[in-house]
Amino acid sequence: MSNSGIQTTNLHEIKTLEKLSNQIRHWILRSTAEAESGHPTSSLSAVELMVDLTFGGTFRYQLSEPSHPANDRLIFSKGHASPLFYSLWAAAGRVSEDELMTYREFGSELEGHPTSRFRYTEAATGSLGQGLSIGLGMALAGKYLDQLPYRTFVLLGDSEMAEGSQWEAIQLAAHYGLDNLIGVLDVNRLGQRGPTMYGHDLEAYRQRIEAFGWRCIMVSDGHDHHEVMNAYSQACLASGQPVMIIAWTVKGEGVSFLENKGGLHGKPVEPDRMDDALAELGDVNGDVRGVIAPPEEVAISPLRSEQAKPLNYELGEEIATRDAYGNALCRLAKQYPHLIALDGEVCNSTRSKQFRDEYPDRFFEMYIAEQNMVGAATGLALRGKLPFVSTFAAFLSRAMDQIRMAPYSGANVKFVGSHCGVSIGKDGPSQMGLEDIAMFRTIPDGVVLYPSDAVSTESLVEAMADHKGIAYLRTTRGKTPVIYQNDETFRIGGSKVLRSSDADEVTLVAAGITLHEALTAHEQLREQGIMSRVIDLYSIKPLDHATIRRAAEQTTVIFTIEDHYPEGGMGEAVLTSLSDHPTPVNCLAVRKRPLSGSSENQLERQGISADAIVATVLAYQQKRSSASN
């Protein structure tokens with residue numbers, strides 16, 4: 001790493017840092033008091049740590065260009081310290097004092113926990129334990145993909161060090177030798193309801209973090225500018241391993257009746273004590289501002305894009321959609337030069353192994369640590385990469401917190417879950433993704449796709465790559481026949497009507513593995529004189545409302561068939577679409593406890609096999625006929 005920006009600290013600089021710290025403490029107290037909410041004591045403990053980083057010459061940032069490729073990155077994993085975060089940018093002259101006083105107001109960019117609505121937020125945090133993983137992703141991008149000289153700094157609170165995701169990030173950062181990643185651990189002893197696990201025992205943190213392969217730098221007084229500045233100078237000399245600065249601090253530092261007191265977390269100073277608090281801090285010069293060192297000038301060569309080759313599958317060819325996913329990554333790699341892949345040590349099952357073998361420099365093994373994998377993907381996406389994250393669909397549920405936060409960072413991440421539904425067979429319920437559609441349908445503006453064959457899979461992977469935002473694609477373990485021509489187009493929000501006639505009585509809506517069951521059921525029903533419409537609802541979110549409503553108007557009943565729990569699945573999406581329509585919707589889904597067994601037995605037991613679909617439709621028609629008589 002280059003050490004440009006590191007300066008020798010003199011007495012004048014220390015005086016300037018002291019004035020900035022004092023000014024920022026005023027803003028923290030006043031903005032939270034104005035909002036009548038917020039976390040002033042948590043912010044006060046980290047003032048010197050952040051002021052010395054930002055304005056002491058270590059941090060390098062082009063204020064007029066937040067997207068500058070060589071800018072250092074600053075993530076507040078301790079997102080509730082947002083009053084400090086916003087005050088830093090006020091001290092840099094980028095937020096006015098009037099704007100600071102809109103903190104937490106409805107419509108203000110200065111939200112209670114930072115999101116991408118505020119222009120200088122690197123990543124949305126606040127759900128604790130996520131910032132280090134995001135920083136890890138940014139550090140991976142800088143070190144391995146872009147070879148850029150920026151550093152990523154992450155402010156951590158001691159409470160969040162109880163989160164397992166932190167230790168996932170810590171061990172992987174050491175594995176990849178991320179010497180451009182610097183954590184700043186604010187050990188202020190107090191959490192929300194009382195003392196943290198290790199209190200002020202800095203040694204407890206050092207022993208654990210060093211055991212994972214990090215270099216630890218101890219700061220015995222995180223409010224001493226000389227000591228803090230020295231720690232940053234040492235941290236920037238790191239080579240071959242990430243660094244954690246572990247600093248002893250006082251929660252509520254600077255105001256005697258707030259310092260090291262329990263029961264004050266998340267509470268602004270009471271109005272009748274505000275004058276006393278500000279008096280303790282002393283007078284400030286409201287015009288004091290800090291200077292941030294500029295980044296290095298770098299030359300970025302644009303990556304060249306080449307048109308992907310056309311698909312080459314044969315109708316009837318048996319191919320698992322997970323295999324088609326691996327094929328798609330490799331086929332699209334040159335068309336999307338920023339495309340990268342991450343996997344959780346199951347790439348031989350998800351088939352991202354094909355991409356790993358062909359493009360090893362663009363593949364990151366994240367091991368069995370799904371929360372960190374999603375956080376790292378968010379960080380990579382925020383540095384301009386196009387990450388495809390794959391693992392078993394069931395295992396993505398572990399990372400739901402990270403997934404739900406990604407949109408608030410504006411992250412463009414693609415997720416692919418394999419081994420979906422009971423159709424995976426004998427592995428049993430622990431491996432069966434049966435909640436994934438519901439989970440991803442809750443993501444704001446998210447996309448949920450479920451292809452049924454190799455052609456639709458590859459086409460939808462490309463559609464995901466073109467789409468900006470969170471998207472999820474479900475793949476199947478077992479082989480399915482190719483039913484679409486290679487030039488068939490698939491758009492997000494679309495569907496395919498595969499069987500239809502003017503005489504259709506019922507509609508069968510399916511996707512993925514159950515589409516093939518529905519097609520078989522269609523033939524069996526036709527032999528019995530019942531005409532059915534078959535819709536491939538490959539885009540579950542957004543839904544093709546027009547096609548669904550047309551089917552509801554032209555047939556007497558709709559059956560949805562899905563290898564997923566009924567709650568939150570495709571059936572509920574169709575029901576919502578037809579909430580104002582009289583045509584009944586019957587949802588066939590996984591309603592019994594899954595067992596180990598063959599795919600055929602699993603589908604039959606859950607009532608979603610072709611034979612079971614036929615039996616259900618016949619029973620419905622018979623009941624309807626009896627009722628009309």
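Given the condition buried (at least 24 other Cβ atoms within 10 Å of the Cβ) and in contact (Cβ under 8 Å) with a residue 60 or more places away in the chain, answer yes or no: does some residue in region 194-207 qualify?
Taking every residue of region 194-207 in turn, none turns out to be buried (at least 24 other Cβ atoms within 10 Å of the Cβ) and in contact (Cβ under 8 Å) with a residue 60 or more places away in the chain.
Does Phe55 satisfy being within 18 Å of Asn230 (Cβ to Cβ) and of a type outside the set (Asp, Glu)? Show your work before the answer.
On the way: within 18 Å of Asn230 (Cβ to Cβ): yes; of a type outside the set (Asp, Glu): yes.
For Phe55, the condition - within 18 Å of Asn230 (Cβ to Cβ) and of a type outside the set (Asp, Glu) - is met.
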Inset, instruction - Would you mind finding the one in Leu311, Leu339, Leu329, Leu278 that is buried (at least 18 other Cβ atoms within 10 Å of the Cβ), of a type in the set (A, V, I, L, M) and over 35 Å from the mean Cα position of the chain (by Cα)? - result: Leu278
Legend entry - Condition met for Val389 (farther than 25 Å from Asp427 by Cα, in contact with a helix residue (DSSP H, G or I) (Cβ under 9 Å, 6 or more places away or on another chain) and either at pLDDT below 95 or of a type in the set (A, V, I, L, M, F, W, C) (or both)): no
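Looking at Glu210, is it surrounded by fewer than 24 Cβ atoms within 10 Å (Cβ to Cβ), assigned by TED's automatic domain parsing to the domain that holds Asp146 and under 18 Å from Leu132 (Cα atoms)? Even if it seems obvious, please write down each step before you answer.
Details: surrounded by fewer than 24 Cβ atoms within 10 Å (Cβ to Cβ): yes; assigned by TED's automatic domain parsing to the domain that holds Asp146: yes; under 18 Å from Leu132 (Cα atoms): yes.
Criteria met by Glu210.
Does Ile535 satisfy the criteria of being β-branched (Val, Ile, Thr) and touching a Gly at 6+ places or on another chain (Cβ under 9 Å)? Give the steps one after another, and end with the answer.
On the way: β-branched (Val, Ile, Thr): yes; touching a Gly at 6+ places or on another chain (Cβ under 9 Å): no.
When the stated conditions are applied, Ile535 does not pass them.
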Inset, instruction - Name, by its number, the condition in (1) under 34 Å from the mean Cα position of the chain (by Cα); (2) in the same structural domain as Arg151 (by TED's automatic domain parsing); (3) of a type in the set (Gly, Ala, Ser) that does not hold for Gly254. - result: (1)
Legend entry - Only listed residue being of a type in the set (S, T, N, Q) and within 23 Å of Ser256 (Cβ to Cβ), chosen from Ser82, Ser64, Ser45: Ser45
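Answer yes or no as to whether Glu203 is of a type in the set (Asp, Glu) and in contact with a Cys (Cβ under 9 Å, 6 or more places away or on another chain). It would help to see each step written out before you state the result.
On the way: of a type in the set (Asp, Glu): yes; in contact with a Cys (Cβ under 9 Å, 6 or more places away or on another chain): no.
Spelling it out, it is not the case that Glu203 is of a type in the set (Asp, Glu) and in contact with a Cys (Cβ under 9 Å, 6 or more places away or on another chain).
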Legend entry - Test: Lys78 is at pLDDT 95 or above and either out of contact with any helix residue (DSSP H, G or I) (no Cβ under 9 Å at 6 or more places or on another chain) or outside the structural domain of Leu202 (by TED's automatic domain parsing) (or both): no
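Taking only region 24-39 into account, find how many residues are surrounded by fewer than 22 Cβ atoms within 10 Å (Cβ to Cβ) and either without any contact (Cβ under 8 Å) to a residue 40 or more places away in the chain or not charged (D, E, K, R) (or both). Show your work before the answer.
Going residue by residue through region 24-39, those that are surrounded by fewer than 22 Cβ atoms within 10 Å (Cβ to Cβ) are 26, 33-37.
Applying the additional criterion that residues be either without any contact (Cβ under 8 Å) to a residue 40 or more places away in the chain or not charged (D, E, K, R) (or both) yields 26, 33, 35, 37.
Counting residues in region 24-39 that are surrounded by fewer than 22 Cβ atoms within 10 Å (Cβ to Cβ) and either without any contact (Cβ under 8 Å) to a residue 40 or more places away in the chain or not charged (D, E, K, R) (or both) gives 4.
Every residue, every condition in (1) under 22 Å from Arg189 (Cβ atoms); (2) touching a residue at least 24 places away in the same chain (Cβ under 8 Å); (3) surrounded by 24 or more Cβ atoms within 10 Å (Cβ to Cβ), yes or no:
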site: Ser64; (1), (2), (3): no, no, no
site: Leu88; (1), (2), (3): no, yes, yes
site: Ala92; (1), (2), (3): no, yes, no
site: Thr115; (1), (2), (3): no, yes, no
site: Phe118; (1), (2), (3): no, yes, no
site: Gly126; (1), (2), (3): yes, yes, no
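Thr115 - would you say it is part of a loop (DSSP other than H, G, I, E, B) and over 27 Å from the mean Cα position of the chain (by Cα)? Reasoning before the result, please.
Numbers: part of a loop (DSSP other than H, G, I, E, B): yes; over 27 Å from the mean Cα position of the chain (by Cα): no.
So Thr115 does not fit the description; no.
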Inset, instruction - Could you tell me whether any residue of region 48-71 is at pLDDT 95 or above, touching a His at 6+ places or on another chain (Cβ under 7 Å), in the same structural domain as Leu155 (by TED's automatic domain parsing) and within 15 Å of Gly266 (Cα to Cα)? - result: no
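The values are calculated or read from the model by the stated rules, or taken from the named source; none is laboratory data. These numbers were taken from a predicted model, which means no experiment stands behind them. All Cβ positions, even for glycine, are placed from backbone atoms using ideal geometry, and neighbour counts span all protein chains on display.
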